Amino acid sequence: MIDINLHTHTYRCRHARGDAADYCAEAVARGLRTLGFSDHTPLPDGRWSSVRMAMGDLPGYCRAVEAAARAAAADGLRVLKGLECEFVPEFTAFYREELLGAMGLDYLIGGAHWYPHRGEWRGIYGTAMTPEQLRAYADYQITAMQSGLFAFIAHPDLFGVAWESWDRAAAECSKALLTAAAALGMPLEINGYGLRKPPKETPSGSRPMYPWRPFWELAAECGVAVVLSSDAHTPADVAAGLDDAAAMARRLGLRVVSDPLARLQAAT
Ligand SMILES: [Zn+2]
Ligand SMILES: [Zn+2]
């Protein structure tokens, strides 16, 4: 059984329910030993604010996680304080000095829901991508990995939302992303939330939008290590999809990183 999940949201991001204590209670009931919170980070210029907490919510978020951590220690649950970040290069000092520095967060996850293309940010949900945009998405993910800010990259195959078939462009862009992850020793996340979302209907049948199986077959070939997450947006889902993601990793021969934060600690 997988007993660690580092990808958890709270009500503050405006599309999740429950607070840290509610998730901790559920995590203890389900036998987790480590629970990390990674709500969607606010950004200094307030962009994309409809799906993330406001800057003013950040201290309350930290206090809620810290209080839940103290209470959960008696139940043998280790609780960590993190954030899931869109990587905006001009905010590097904010991530490093404010979030990881002054606020003392344990870790950051890189999670892209937007990517830059020809000087503009484009949402992954919404319209289909062109091959050039897919390449921009992959290059952007590589830049995020190279920043050294992130413990792991959430749902690197999120482009499966916008890309219909596993074709040459999908394979080439994925190969570039996966080769970079392997070279950097950057774990990539098999995301349980994707398994709970409605499937994508394509001409060749329905499939999860993500995790997208051919992406992970290629990940195994490239020797990429993986992290398994529930990406919980409601307390009942605190461990949802972890066992399915583990089964997928096992079938494909992917190495699961048991504690991605140990790697960070070793590096400092
Ligand atoms: Zn979310
Ligand atoms: Zn998330």
Can you order the peptides 226-239, 10-23, 178-191, 87-100 by their average number of other Cβ atoms within 10 Å per residue, highest first? 226-239, 178-191, 10-23, 87-100
When the chain is fully extended, how far beyond the present Cα-Cα distance does Arg168 get from Ala128, taking 0.36 nm per residue of separation? 12.8 nm
Taking the simple approach of a point 7 Å from Cα along Cα-to-Cβ for both Ser206 and Asp259, what is their distance in nm? 4.0
From zero up to wherever the largest Cα-Cα distance of the chain sits, split into 10 Å bins and tell me the percent of pairs in each. 7, 32, 39, 20, 3, 0
Can you give the extra length, in nm with one decimal, that the chain gains between Asp244 and Leu184 once fully stretched, where that is 0.36 nm per residue apart less the Cα-Cα distance? 19.0 nm
So, in Å, what gap is there between the alpha-carbon centers of segment 24-94 and segment 130-197? 23
Against the longest alpha carbon principal axis of the chain, how many degrees, from 0 to 90 and to the nearest 10, is the axis of helix 131-146 turned? 40
Between Glu66 and Arg14, what is the label-to-label distance in nm when each label sits 7 Å out along the Cα-to-Cβ direction? 2.7
Any aspartates and glutamates whose Cα falls less than 13 Å from that of Lys200, other than same-chain ones fewer than 8 residues away, would be Glu164
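Report the gain in length on full extension from Ala54 to Arg251: 0.36 nm times residue separation, minus Cα-Cα distance, nm rounded to one decimal. Walk me through the numbers on the way to the answer.
Values: separation 197, 0.36 × 197 = 70.92 nm, distance 4.07 nm.
Between Ala54 and Arg251, full extension yields an extra 66.8 nm.
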Give, as a single signed number, the net charge of other residues whose beta carbon lies under 10 Å from the beta carbon of Gly110, with Lys and Arg counted +1 and Asp and Glu -1. -3
Measuring from the longest principal axis of the C-alpha atoms of the chain, the long axis of helix 242-252 (C-alpha) lies at a number of degrees, nearest 10, equal to 40
For helix 20-29, report the angle its Cα long axis makes with the longest principal axis of the Cα atoms of the chain; keep it between 0 and 90° and round to the nearest 10°. 80
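Where a number appears in this text, it was derived from the coordinates with a stated rule and is not lab data. Small disclaimer: the values here were computed from a predicted structure and weren't measured. Quick reminder, even Gly has a Cβ in these numbers, built from the backbone with ideal geometry, and neighbours come from all protein chains shown.
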